Every structure is written in C-alpha cells, then in structure tokens.
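Below is one structure, written out as structure tokens; the observations come after it.
The values are calculated or read from the model by the stated rules, or taken from the named source; none is laboratory data. Values in this document were obtained by computation on a predicted structure and should not be read as measured data. Cβ placement follows ideal geometry from the backbone for every residue including glycine, while neighbour counts extend to all protein chains displayed.
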Amino acid sequence: MRNRRPMRLLSTLVLLGGLLTACADVGDVGGGKSLLDKDTLVVGVRPDLPGLGLRRSDGSFEGFDIDVARYVADRLKRKVRFIQVLSKDRLTVLTAGKADMVLATLSVTPERKTDISFAGPYYASYQDILVRSDERAKSVRDLKGRRFCGVEGSDPVKRLKAVHGMTADVIPAADYDACMAKIRTGAVDAITTNDVILAGLIRREGTGYRLLNARISEQNTGIGVRRGDVDGCEALNRAITKMYQDGTAAKLITKWFSGTGLDLTYMKIPQFEGCS
C-alpha cells in the first residue's frame with residue numbers, strides 16, 4: 001500500500017509531461033495546422049536577387065526559388081501565393097504564422113533549426129567570389145589583402161576570413177546591388193557570398209564579371225517550415241526527391257544559371273536534414 005501513492009504521482013507526472021509536449025508541438029505549427037491542411041500555400045521569397053527571387057514591375061516573382069516553390073506545391077496538389085521577404089525577415093514570417101514555407105536562399109544552420117524546421121535541402125551551393133573579368137586572380141588566396149564587399153552581418157564574410165592564411169579588407173554594403181555598384185566603380189575588388197547569388201548577379205550584368213569557382217564552403221539551402229510540421233516537411237522532401245529524379249532540378253538550374261560561369265557538373269540530390 002505504501003508504494004501506490006509514489007507510483008500514482010509518477011504516472012501523473014509522466015502523463016502531464018506528455019500532454020505538455022503535445023501542446024508544444026501543436027503550438028509550433030500554429031494551432032495544429034500543417035501546411036498540408038491548406039489549399040493555398042503562402043510562400044516567402046526574396047524580391048531582390050536576380051536568378052533566384054526577383055519581383056517584376058508587375059508585382060509577380062521570377063527565379064529558381066520561385067520555380068522550385070511552384071513545383072513542390074504542384075506535387076502536393078496545392079496552389080501557391082508569394083510574399084516577399086528580405087534576409088532579416090525569413091524566420092519571423094514563419095514563427096509569426098505569416099508564411100507556410102520560405103524559399104529565400106535560406107541556408108540550413110544549427111542556430112536556425114532552434115526556431116524553425118527545414119525540408120530538404122533542395123540545393124547544395126558553395127561560397128564563391130565574384131571578380132571583374134580582367135582580374136588575374138585564379139584562387140581565393142590570390143586576393144589576399146584585397147578589398148571585398150560583404151553585405152552587413154552576413155556569414156560569408158566570416159567564412160572568408162576563416163580561410164587559412166587569408167586576409168581581406170572588408171567593405172560593408174547594405175545589399176548586393178550596393179556591392180555591384182562598388183565593384184563597377186573599382187571601390188572593391190571582389191564580392192563573396194553563395195555562388196548562386198553571384199551567378200544571378202552575373203546573369204543580370206551580362207558581361208564584365210566572372211566567378212572564381214573557389215568553393216570555399218558548402219551551403220545547403222532548405223525550405224523553411226514551422227517547427228513541428230513533420231507531415232508537411234516529409235511531403236516536401238518527397239517532392240524534392242522527385243524533382244531531382246524526373247530531371248526538373250537539372251532543367252531549372254540550367255535555365256537560371258547556365259552561361260554565368262557557375263559549375264553545373266555537381267548536381268546531386270542533397271542529403272536531407274530530417275524532419276523530426
């Protein structure tokens with residue numbers, strides 16, 4: 001008889017713990033709503049990156065991320081509605097329930113995974129360097145001590161400085177358009193960030209610039225979703241897998257980045273992060 005009360009208390013605590021965990025999971029997906037519960041998916045995309053996510057004058061969007069979003073939504077038999085998000089807003093639109101997915105050059109990092117979940121990655125890119133066509137440098141170390149433009153607060157600048165033996169004079173800018181303005185006038189010698197962003201800038205400019213294909217570090221780009229939406233995340237992973245299997249991924253990458261100097265020979269299905 002003496003042992004029953006402690007056992008009952010332990011059972012009660014276990015039950016309460018389970019209920020609290022379930023409530024936390026439900027809260028993470030906005031009252032239990034999975035993206036699969038919706039007929040139209042609201043997708044956050046960049047409005048300012050040519051080749052990836054760019055807002056046209058008529059208000060519509062174009063780019064690689066836009067096409068990927070349309071493909072996965074179609075595989076899920078859902079409609080899609082785009083909203084623009086800048087770099088600083090990519091997580092908050094999910095946590096605030098303003099978007100169901102974010103496809104906006106969102107690299108998968110341990111820090112971000114504490115706030116949101118990731119489907120995919122749907123593309124594996126690398127940090128690279130953009131220079132003028134007449135620049136003689138062939139590798140990142142050939143630019144040691146030179147002037148690099150980096151968007152304020154961006155991780156690529158930190159990773160550049162972490163290259164062994166590398167030094168750089170970093171000139172900050174508000175965005176990549178400002179970086180391009182600086183390299184046009186000779187105020188900087190190079191720009192560093194993800195290779196697909198740089199390829200998009202070269203595509204827009206047409207001539208006068210090239211990539212080093214330095215492959216400084218791999219950056220896995222994922223689809224941001226709200227935490228706890230395991231079913232939605234897994235459904236997106238199946239759609240991404242199909243996108244590579246049926247050749248759509250290769251077609252889209254070629255469509256948006258061929259002719260930019262981006263090395264397209266490394267196309268492969270990225271290793272998924274897992275949705276749990």
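Here residue 49 clears all of (1) modelled with pLDDT under 95; (2) surrounded by 15 or more Cβ atoms within 10 Å (Cβ to Cβ); (3) closer than 22 Å to residue 273 by Cα except the condition numbered (3). Of all residues in the stretch 117-134, those satisfying the criterion of being surrounded by fewer than 21 Cβ atoms within 10 Å (Cβ to Cβ) and either under 12 Å from residue 225 (Cβ atoms) or among the small types (Gly, Ala, Ser) (or both) are 124, 133. The set of residues in the stretch 35-60 that are among the charged types (D, E, K, R) and assigned to a strand (DSSP E or B) comprises 48, 55. Across the stretch 192-240, the number of residues qualifying as closer than 16 Å to residue 52 by Cα and hydrophobic (A, V, I, L, M, F, W, C) comes to 7. Just so you know, in the stretch 89-114 the residues that are touching a helix residue (DSSP H, G or I) at 6+ places or on another chain (Cβ under 6 Å) and assigned to a loop (DSSP other than H, G, I, E, B) include one that is surrounded by the most Cβ atoms within 10 Å (Cβ to Cβ), and it is 100. For the stretch 113-123, how many residues are charged (D, E, K, R) and either within 21 Å of residue 49 (Cα to Cα) or touching a Ser or Thr at 6+ places or on another chain (Cβ under 9 Å) (or both)? Number satisfying all stated conditions: 1. Please go through the stretch 206-245 and pick out each residue that is small (Gly, Ala, Ser), outside any helix (DSSP H, G or I) and under 22 Å from residue 101 (Cα atoms). Result: 222, 224, 228.
Is it fair to say residue 75 is of a type in the set (D, E, K, R) and touching a strand residue (DSSP E or B) at 6+ places or on another chain (Cβ under 7 Å)? Criteria not met by residue 75. Can you tell me which residues in the stretch 246-263 are surrounded by 13 or more Cβ atoms within 10 Å (Cβ to Cβ), not charged (D, E, K, R) and not in a helix (DSSP H, G or I)? Once the filter is applied, which keeps residues that are surrounded by 13 or more Cβ atoms within 10 Å (Cβ to Cβ), not charged (D, E, K, R) and not in a helix (DSSP H, G or I), the stretch 246-263 yields 260, 261, 262.
Among the residues making up the stretch 167-186, those that are of a type in the set (Gly, Ala, Ser) and over 25 Å from the mean Cα position of the chain (by Cα) are 168, 186. Among the candidates 245, 219, the residue that is without any contact (Cβ under 8 Å) to a residue 40 or more places away in the chain and either within 18 Å of the chain's Cα centre (by Cα) or farther than 29 Å from residue 160 by Cβ (or both) is uniquely 245. The residue of the stretch 61-86 that is modelled with the lowest pLDDT, among those that are part of a loop (DSSP other than H, G, I, E, B) and under 20 Å from the mean Cα position of the chain (by Cα), is 86.
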